[in-house]
1. Please work out if Ala453 is within 16 Å of the ligand (Cβ to nearest atom), under 29 Å from Thr563 (Cβ atoms), open to solvent by less than 30 Å² (accessible area, probe 1.4 Å) and not β-branched (Val, Ile, Thr).
2. Going by the structure shown, is Gly467 over 30 Å from Asn284 (Cα atoms) and modelled with pLDDT of 95 or more?
3. Pairs please, first residue from segment 497-519 and in a loop (DSSP other than H, G, I, E, B), second anywhere and surrounded by fewer than 18 Cβ atoms within 10 Å (Cβ to Cβ), Cβ atoms under 6 Å, 6+ apart in sequence or on different chains.
4. Among the helices (runs of 4 or more DSSP H) confined wholly to segment 256-318, which include 2 or more residues that are charged (D, E, K, R)?
5. Please enumerate the residues belonging to segment 80-138 that are touching a helix residue (DSSP H, G or I) at 6+ places or on another chain (Cβ under 9 Å), within 30 Å of Thr303 (Cβ to Cβ) and open to solvent by 70 Å² or more (accessible area, probe 1.4 Å).
6. Please state which of the following conditions Ile534 fails to meet, knowing it meets all the rest: (1) over 26 Å from Pro63 (Cβ atoms); (2) part of a loop (DSSP other than H, G, I, E, B).
7. Pick from segment 456-474 the residues that are surrounded by 24 or more Cβ atoms within 10 Å (Cβ to Cβ) and within 16 Å of Lys363 (Cα to Cα): which of them is nearest to the ligand (Cβ to nearest atom)?
8. Scanning segment 421-450 for residues that are of a type in the set (Val, Ile, Thr) and away from the ligand (no atom under 15 Å from the Cβ), which turns out surrounded by the most Cβ atoms within 10 Å (Cβ to Cβ)?
Amino acid sequence: MKSFITIIASVVCSFAAVLAAPEGQTEQNPQPLDANNRDSSVKPGDDFFLFANGSWIKQTEIPPEYSRWGAFNELIERNTDALHTIAEKASQTQVDPKLAPETRKVGDYYASGMDEKAVEGARTTPLTEEFQKIDAMKDRQDVLKEIAHLHSIGINAFFNFGSGQDAKDSNHDIAQALQGGLGMPDRDYYTKQDADMKQKREKYVAHVTKMLTLLGQAPEKAAEDAKKIMALETKLAEASRTRVELRDPIKNYNKMAVRQLQDLTPDWKWSDYFNSINLLEPGNVNVHQPEFFKAVNNLFKSTALDDWKAYLRWNLINATAPYLSKDFVDEDFDFNQRTLRGTQQNKPRLDWMDEPTKKEALKKLAAMNVKIGYPDKWLDYSLLEIDRGPFVMNTLRSEKFAADRDLQKIGKPVDRTDWGMTPPTVNAYYQPTMNEIVFPAGILRPPFFYANADDAVNYGGIGAVIGHEMTHGFDDQGRQFDADGNLRDWWSKKSADEYNKRRQAVVDQYSAYAPLPGQHVNGELTQGENIADIGGVKLAYAALQKALDKHPEDRNKKIDGLTPEQRFFLSFAAIWRSKIRDEDQKLRLTTDPHSPAQFRVNGPLANMPEFQKAFNVPDGSAMVRPTDKRVNIW
Ligand SMILES: [Zn+2]
């Protein structure tokens, strides 16, 4: 039951999909727009992404421990280095009684994870009691209680449950129930019939078998259990909505009283579940996918007790493997990383909108809240117990702390000071139910923001990120929420029809892109991010022009032989500098609402006459879309 904001990523529009962030070394003070990264053998009008980043791509190998590598990763590494120094220092001063409790917790948590000898020696011993609870289950009532218990320590078996803003009453947090319970990244992994997905399913069953064997089960029994687990997860997958269906906030809003929810699932007793997770006043529940919960009820009723034991054992070990001994860590990596990711316009804006709709849109824009850097109010961690180990128990207590905090929000007014990302995160987001844009300190660094660079570089970097998040307020999902963050239709029919025409042009443009032979971008799934990318760079460009109006002396000033406009577009392309392994690319084509990096650059720029002018690109070039096909939403 992680914080709801992480469960339903489809509603929070982050700037980039989450990246892994292990430690490493990096350069300290990178310079903007390194000419050595460019490939002068490529014409800007043919492929601007390759022109701006081609030499970097040729010279760069994706490090073996990553499935992709680029400007984001480099900044994540620099931020992680800073955090590492803090944690290391905190871990060395445990005996100082004057140490702030928060610092001691950071130090102890870090030390428990770094004590490899203890982690190796203990293997799964710290989890003995947890496994015993599962083995001791005697009937369906016990199964329900165990699922509830796992939810309370952050393990989302069977389905997802947590708190979140009421989409139609954005001042209140209510209970939310969502589809879930899968061990692979998406329902498509269970349902698609192509050879690649079939092979991944076979490898998944082998992986589950191996993990259960490491837990001490006999290989035959482990193989049998893995098949049962696969069968149960396949049924959950078949009842799950697709990622494109999850983008529709109206379809996924089904608020109901507990009595109605109980009617939906006659065999699953919600009062027992709520008691077990210590939720005394659940209030109304938004059941995002009612048909999924009907399937949950049938599975709950029909699945044999032994199958439940297998499934819950698997959920527990799958969630905790990264914090256990090396055999578990390696097997977890082998499947989740190696197998799944392959780790080795000139018209004024809004011209098509009628006046009443435009008025609402401007009201929403004016009401947009901005959060920068770090929260005004720090989270109180005094109730979280952290000691020197076992590592895995520190993790489970942290998950429980987060789950408790999440459940305590149900039925209460929304805390608008809350953040959905930590300060060092290299990312940003728009939250439609808060109508807010959020930029953690972690992304306010090169290559997004250079304290000493010219305006053009920073408008092309962090400026485009800010524009991207603002545009999310008006993408296919965001436009359905109003100035207060409520799900309410404020569009006239005429303006909505015009919007849909333009939205379809974005879907068509990106659906034509294929990063791997025969494997196309899902234009429907990625439309929100593509609309935000296209709108973001346009907004940032307009903002740069305003800044240049204030400093006309900068307009004709070239730096390194480049005009401000050229530097703006090169800076935009530089933030997407990256390489990705084929397997990770395939995974992301199914699950990631963001387009591949090269299309995040070339897609928006091919619609912009300002780009064509800046680099003097001839008509008919790949980077210049025909006038009648150009996308022009915002
Ligand atoms: Zn986004």
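The values are calculated or read from the model by the stated rules, or taken from the named source; none is laboratory data. Because the structure is a prediction, the values reported are computed rather than measured. Please note: Cβ atoms are built from the backbone with ideal geometry, for glycine as well, and neighbour counts cover all protein chains shown. The accessibility values were calculated without ligands, DNA or RNA, using every heavy atom of the protein model including side chains. Shrake-Rupley method; radii C 1.70, N 1.55, O 1.52, S 1.80 Å.
1. So Ala453 fails the test.
2. yes
3. Close Cβ pairs satisfying both conditions: Ala514/His520.
4. So the answer is 258-264, 290-302.
5. Arg123, Lys133, Asp135, Lys138
6. (2)
7. Ranking the qualifying residues of segment 456-474, first place goes to His472.
8. Out of the qualifying residues, it is Thr433.
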